[in-house]
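What follows is a short report on a single structure.
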Amino acid sequence: MKKLNTYKILKERGYIYQCTDEKGLIELFDKEQVTAYVGFDITADSLHVGHMLPMMALSWLDRTGHRPITLMGGGTSMIGDPSGRTEMRQLMTRDRILKNMEGIRPQAAKFLSLHQGGQAVMIDNSDWLMHLNYLEFLRDIGRHFSVNRMLAAESYKSRLEDGLTFMEFNYMVMQAYDFLHLLNTQGNKLQIGGQDQWGNIVAGVDLIRRVKSVEAFGATIPLLLDPKTGAKFGKTNAGAVWLDKNKTSVFDFYQFWRNTDDQQTASLLNLFTFLPLEETAYLGSLTGNLVNRAKEILAYEITAMCHTPEDAGQAYLASIRTFGAADPAGEVKTSSAVARLPLDDSLAETPTVTGQWGQLEEAVCADLFVLCGLAASKGEARRLIRGGGAYVNETQVSESSENDAVKEAAWLPSGEVTLRAGKKRYKKILVD
C-alpha cells in the first residue's frame with residue numbers, strides 16, 4: 001500500500017496557509033525522508049498555546065517518518081523578531097535566554113522524539129550566529145539581499161512609522177542564514193512557520209537558490225483567531241495560556257480548550273489532536289449539548305499530550321464535578337481515552353456553592369439554577385423547568401413553580417438545597 005504523503009496530511013488537516021512550491025514539495029515528500037525545521041525565539045521559559053500549531057506540524061512529520069528540527073533562537077533572540085510588533089522587543093541577556101531554553105526543551109519533547117534514538121532534534125542557532133565574522137557575513141551573505149525588497153516585507157513595512165532599528169532590520173538576514181546553515185549541515189530543505197513569517201521564509205528560500213543553486217521550500221501555517229474577539233488564539237483576559245502548569249494550571253489549561261467557540265470545534269480537533277479525520281468530522285458535526293462533548297474530547301486530548309493522561313483525566317473529572325457532563329448517557333462514540341474514564345465516580349461528591357441570603361431574598365426558583373451554574377441564564381433555567389429536567393431536593397420543579405419566591409420555601413430553615421438538572425448534574429447551595 002502506498003504511504004500517505006505527509007504534506008497532503010498537513011494540507012488536509014488545515015496546517016498549510018501558503019507554500020513556495022506545492023507541487024515540488026509534494027514530490028519531495030514522495031521521494032525522500034524530509035528534514036524540516038521551525039524556529040522559536042525564546043522570549044519566555046515556557047511555550048504557550050500560540051506555539052502549538054507549528055509544534056503539531058513538526059509532530060506529524062516525526063510520526064510519519066520524517067526528520068523535524070526544533071530550532072531554538074538562542075542567537076536571534078538576542079535581537080528579536082520585529083514581525084507583528086509595533087515596538088522593539090525587550091532585549092534579553094544570554095543567561096535569561098539559556099534559562100528559557102531549559103524550560104522549553106521538556107515541553108517540546110512532549111510533541112517530538114527528542115529522546116536518544118529519536119529522529120527529531122533540537123538545535124540552538126547561537127552555535128553559529130554568535131561566532132560570525134561581521135565583515136565576512138556582509139560580503140558573503142548581505143550582498144544577496146535587496147534593501148528595497150526587504151522594506152516591502154510586511155514585517156518591516158508595518159514598523160517604519162513607529163521606528164525600525166538597524167538591529168531589528170538584520171533579523172530577516174539572520175533567519176535566512178539559519179535556513180542556509182541547516183541545509184548545509186543537516187540537509188534541511190523545508191522551513192515551516194507562522195503566517196506572519198512568510199517574508200522571512202521566502203528570503204531564506206531565495207538565499208539558498210542564490211548561494212547553492214538548489215531548491216528549498218517554505219510553508220506557513222494559518223493564523224488562528226478567536227471568532228468572538230478577533231484576538232490571537234491562545235490569548236485570554238488573563239494573558240497567554242501557557243504549557244507550564246506553574247503559569248497556567250492544568251485545570252485552567254483544560255478549561256481553555258473546553259470553552260473554545262463551537263464554530264471552531266471541527267478545525268481545532270483536526271489541528272490539535274491526532275484523532276482520525278473521519279472521527280473529527282463526526283465530532284465536528286454534533287449539535288446541541290453534544291457539541292460540548294466534542295469539546296471535552298478536544299480538551300482531554302490536548303491536555304493529555306501537553307501534560308499527562310493522568311493530569312488530563314483529573315481535569316476532565318473536576319470539570320464535570322463543577323459544570324456537569326455534556327454526554328452522561330454516552331451517546332457520542334470516540335476513540336479517545338476520555339471515553340474510558342469512570343464518569344459516575346466524578347459525580348459521587350456533589351459540588352457546592354455558597355449563596356448569601358441577600359442574593360436569595362428576592363430570588364425565585366429559576367434563579368437558583370443560574371446561581372449554581374446549572375443554567376447559563378434565567379431563560380435557560382425556565383426552559384429546563386418546562387422540559388421537566390429541574391429538581392429541588394429531588395422534587396421536580398413544575399412550570400407553575402418556576403416563579404415561586406425562594407424566601408417562602410419549606411427547605412429554607414435547613415440552610416441548604418440540592419439541585420439537579422437532567423439525570424446527573426447536581427449542585428448543592430449552602431445558604432449563609
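Just to be sure, is T322 without any contact (Cβ under 8 Å) to a residue 12 or more places away in the chain and surrounded by fewer than 24 Cβ atoms within 10 Å (Cβ to Cβ)?
Values: without any contact (Cβ under 8 Å) to a residue 12 or more places away in the chain: no; surrounded by fewer than 24 Cβ atoms within 10 Å (Cβ to Cβ): yes.
For T322, the condition - without any contact (Cβ under 8 Å) to a residue 12 or more places away in the chain and surrounded by fewer than 24 Cβ atoms within 10 Å (Cβ to Cβ) - is not met.
What helices (runs of 4 or more DSSP H) completely inside the range 248-294 contain at least 1 residues that are at pLDDT below 95 and charged (D, E, K, R)?
On the way: elements: 250-258, 265-272, 277-284.
Here the list reads 250-258.
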Restricting attention to the range 135-173, the residues that are basic (K, R), touching a helix residue (DSSP H, G or I) at 6+ places or on another chain (Cβ under 9 Å) and free of Cβ contacts under 8 Å to residues at least 24 places away in the same chain number exactly 2
Boolean, L275 is closer than 27 Å to Q191 by Cβ and not basic (K, R): no
Q) Within the range 129-144, can one find any residue that is closer than 25 Å to P54 by Cα and open to solvent by 20 Å² or more (accessible area, probe 1.4 Å)? A) yes
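Does the range 93-104 hold any residues that are in contact (Cβ under 8 Å) with a residue 40 or more places away in the chain and open to solvent by 40 Å² or more (accessible area, probe 1.4 Å), and which are they? Walk me through it before giving the result.
Going residue by residue through the range 93-104, those that are in contact (Cβ under 8 Å) with a residue 40 or more places away in the chain are 97, 99-104.
Those that are in contact (Cβ under 8 Å) with a residue 40 or more places away in the chain and open to solvent by 40 Å² or more (accessible area, probe 1.4 Å): K99, E102.
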Pairs returned, first residue in the range 203-229 that is of a type in the set (S, T, N, Q), second residue that is crowded, with 19+ Cβ neighbours inside 10 Å, beta-carbon separation under 8 angstrom, 6 or more apart or interchain, are T220/I16; T220/C19; T220/I192; T220/G193; T220/G194; T220/Q197; T220/W198; T220/I201
Of those in the range 345-368 that are under 32 Å from the mean Cα position of the chain (by Cα) and not aliphatic (A, V, I, L, M), the residue modelled with the highest pLDDT is T352
Pairs returned, first residue in the range 304-318 that is of a type in the set (G, A, S), second residue that is open to solvent by 30 Å² or more (accessible area, probe 1.4 Å) and at pLDDT below 95, beta-carbon separation under 6 angstrom, 6 or more apart or interchain, are G313/L341; A315/F251; A318/F251
The lone condition L298 fails out of (1) over 17 Å from the mean Cα position of the chain (by Cα); (2) within 16 Å of D252 (Cα to Cα) is (1)
Check the range 273-293 and report whether any residue there is under 18 Å from the mean Cα position of the chain (by Cα), farther than 20 Å from R13 by Cβ and open to solvent by 30 Å² or more (accessible area, probe 1.4 Å). yes
Within the range 306-315, of all residues that are touching a helix residue (DSSP H, G or I) at 6+ places or on another chain (Cβ under 8 Å), at pLDDT 95 or above and farther than 11 Å from V338 by Cα, the one surrounded by the fewest Cβ atoms within 10 Å (Cβ to Cβ) is H307
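Answer with yes or no whether Q107 is over 29 Å from K235 (Cα atoms) and either in contact (Cβ under 8 Å) with a residue 24 or more places away in the chain or open to solvent by 40 Å² or more (accessible area, probe 1.4 Å) (or both).
no
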Taking the range 201-243 and keeping residues out of contact with any strand residue (DSSP E or B) (no Cβ under 9 Å at 6 or more places or on another chain), outside any helix (DSSP H, G or I) and modelled with pLDDT of 85 or more leaves S213, V214, E215
Filtering the range 17-59 for residues that are under 22 Å from the mean Cα position of the chain (by Cα), open to solvent by 30 Å² or more (accessible area, probe 1.4 Å) and more than 18 Å from Q195 (Cβ to Cβ) leaves a count of 2
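Given the condition hydroxyl-bearing (S, T, Y), modelled with pLDDT of 95 or more and closer than 14 Å to T35 by Cα, answer yes or no: does some residue in the range 163-182 qualify? Spell out the reasoning first.
Taking the range 163-182 as the starting set, the residues that turn out to be hydroxyl-bearing (S, T, Y) are 165, 171, 177.
Subset that is modelled with pLDDT of 95 or more: 177.
Narrowing the set further to residues that are closer than 14 Å to T35 by Cα leaves none.
No: zero hits.
The values are calculated or read from the model by the stated rules, or taken from the named source; none is laboratory data. None of these values were measured; they are calculated from a predicted model. All Cβ positions, even for glycine, are placed from backbone atoms using ideal geometry, and neighbour counts span all protein chains on display. The area values use the complete protein model at the heavy-atom level, side chains included, leaving out ligands, DNA and RNA. Shrake-Rupley method; radii C 1.70, N 1.55, O 1.52, S 1.80 Å.
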